[in-house]
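Asks: Structure incoming, see below.
The values are calculated or read from the model by the stated rules, or taken from the named source; none is laboratory data. Everything quoted here is computed from the prediction, not taken from an experiment. Here the Cβ is made from the backbone with ideal geometry for all residues, glycine too, and neighbour counts use every protein chain on show.
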């Protein structure tokens, strides 16, 4: 069908598909271009949170403190496998293990170089801090001549905030108490004839062992004797007390086989030990 010619006084509508100006060919409809979709760029240098679902259990032991009370000691597992660790770093950073190793070596070498000039960082990348340190010992102020004399070193550690966040992800497991010190009775000797594991009612016997320096004024501490039939009796009279030897007076009212127990205060608590042999009379 030929195209209709549109004039100002014609009855054609402006959107008639076959209409054309001055008899020209009809113009194809203009297609609207769609804008391409672009993802917003991810912010750079944002530390990723520590994954809590893969964090291993932090194991520890409870141990006595020499000043009293208790502390804890981390239980060490197997030494980290260097190749496996580098492979994990490479996987997370999109590099090769060799590239990861090269970057890490360069970083630590630069830290040493900075510390050599007494430079330091209190908050590097929000993760670690490092600083030069020294010490040493000399009887004279001019007795320091080299780096070994002053014990030159570099202290490198995680920041307090990094450790705080790390602690919040840990699951803990106590592996029990270790290094618990108790008094020990190794032998009992009758003083009158040096007979072992013998006693005389109203006579002296010596207990030999370790960690035996008890306080006889404390009722929870002391040497306790128990007959086969009857209640345990706390010894009231002591002729001598040292960490390795205690001499006691056996109550005259006791008779028959006796069990010996000692209780002392060690590292914040009262601990006791029962002698394996029974004491008997002739």
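Asks: For the stretch 143-152, check the following and say yes or no: at least one residue is surrounded by 15 or more Cβ atoms within 10 Å (Cβ to Cβ), out of contact with any strand residue (DSSP E or B) (no Cβ under 8 Å at 6 or more places or on another chain) and free of Cβ contacts under 8 Å to residues at least 12 places away in the same chain.
Replies: Yes - at least one qualifying residue is present in the stretch 143-152.
Asks: If residue 252 satisfies every condition in (1) within 22 Å of residue 193 (Cβ to Cβ); (2) touching a strand residue (DSSP E or B) at 6+ places or on another chain (Cβ under 7 Å) but one, which is the exception?
Replies: (2)
Asks: Please verify whether residue 196 is in contact with a strand residue (DSSP E or B) (Cβ under 8 Å, 6 or more places away or on another chain) and under 30 Å from residue 64 (Cβ atoms), treating the condition exactly as stated.
Replies: Values: in contact with a strand residue (DSSP E or B) (Cβ under 8 Å, 6 or more places away or on another chain): yes; under 30 Å from residue 64 (Cβ atoms): no.
So residue 196 fails the test.
So that you can scan it fast, the table gives a plain yes or no per residue for (1) touching a residue at least 40 places away in the same chain (Cβ under 8 Å); (2) over 37 Å from the mean Cα position of the chain (by Cα):
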residue: 169; (1), (2): yes, no
residue: 179; (1), (2): yes, no
residue: 184; (1), (2): yes, no
residue: 193; (1), (2): no, yes
residue: 205; (1), (2): yes, yes
residue: 215; (1), (2): yes, no
residue: 233; (1), (2): no, yes
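Asks: I'd like the full set of residues that are more than 15 Å from residue 107 (Cβ to Cβ) and touching a helix residue (DSSP H, G or I) at 6+ places or on another chain (Cβ under 6 Å), limited to the stretch 121-156.
Replies: Of everything in the stretch 121-156, just one residue is more than 15 Å from residue 107 (Cβ to Cβ) and touching a helix residue (DSSP H, G or I) at 6+ places or on another chain (Cβ under 6 Å), namely 132.
Asks: If you don't mind, another one. Filter the stretch 153-171 down to the residues that are modelled with pLDDT under 95 and part of a loop (DSSP other than H, G, I, E, B) and list them by number.
Replies: Scanning the stretch 153-171 gives 169, 170, 171.
Asks: May I pose another question? Consider the stretch 34-84. How many of its residues are modelled with pLDDT under 50 and surrounded by 10 or more Cβ atoms within 10 Å (Cβ to Cβ)?
Replies: Total meeting the criteria: 3.
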